[in-house]
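Step one of this worksheet: look at the structure below.
Since every read-out is calculated from the coordinates, none of them should be taken as a lab result. This structure is a prediction, so every number in the text was calculated from the model and none was measured. Cβ placement follows ideal geometry from the backbone for every residue including glycine, while neighbour counts extend to all protein chains displayed.
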Amino acid sequence: MKGVIPTVNRNSRWLIGNDSNIDFWRNCWGADHPLINSVEVDPAIWGSCSVKLDSIIDNNGWCAPPLVTEFLADNGIVLTIWMSIEI
């Protein structure tokens, strides 16, 4: 089994739906760690950050603004290639 893990990983994808319960910053939805760990922000500000993942999903799939798409790509999350949406 251990020998097929790379093949499974290459042929797997995330199916996250359009769930409004997924926290964009705090949940592991597209990487092995939450995005909150990838940025340096004053901890007092995080209390005001309540963006849900469904804010960058519409009926046609991903709808993230260009700066968000670039930030995600810099953190290993390429929306157009690596993930797909099941709505």
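Quick notes
- In order along the range 38-43, phi translates into HN-Hα couplings of 9, 10, 9, 9, 3, x Hz, rounded to whole numbers, per the Karplus curve 6.51 cos²θ - 1.76 cosθ + 1.60 with θ = phi - 60° and x for Gly and Pro.
- Here the spin labels are modelled as points 7 Å beyond Cα on the Cα-Cβ line, and at Asn21 and Val51 they lie 2.2 nm apart.
- Inter-probe distance in nm under a simple model that places probes 7 Å from Cα toward Cβ, at Asn9 and Phe71: 2.7
- Footprinting exposure proxy ranking of Ile45, Ile22, fewest other C-beta atoms within 10 angstrom first, gives Ile45, Ile22.
- Relative contact order %, the range 1-79, counting alpha carbon pairs below 8 Å whose residues are six or more apart: 26
- Interchain or long-range residues, amide H under 5 Å from Ile57's placed H: Cys63
- Extension reserve of the Asn60-Lys2 stretch, reckoned as 0.36 nm per residue once the Cα distance is removed: 17.2 nm
- Kirkwood-Stokes translational diffusion coefficient of the range 2-74, alpha-carbon pairs, 10 °C, 1.306 mPa s, µm²/s: 113
- Distances between placed amide hydrogens fall under 5 Å for Lys52 paired with Phe24, all partners being 5 or more residues away or on another chain.
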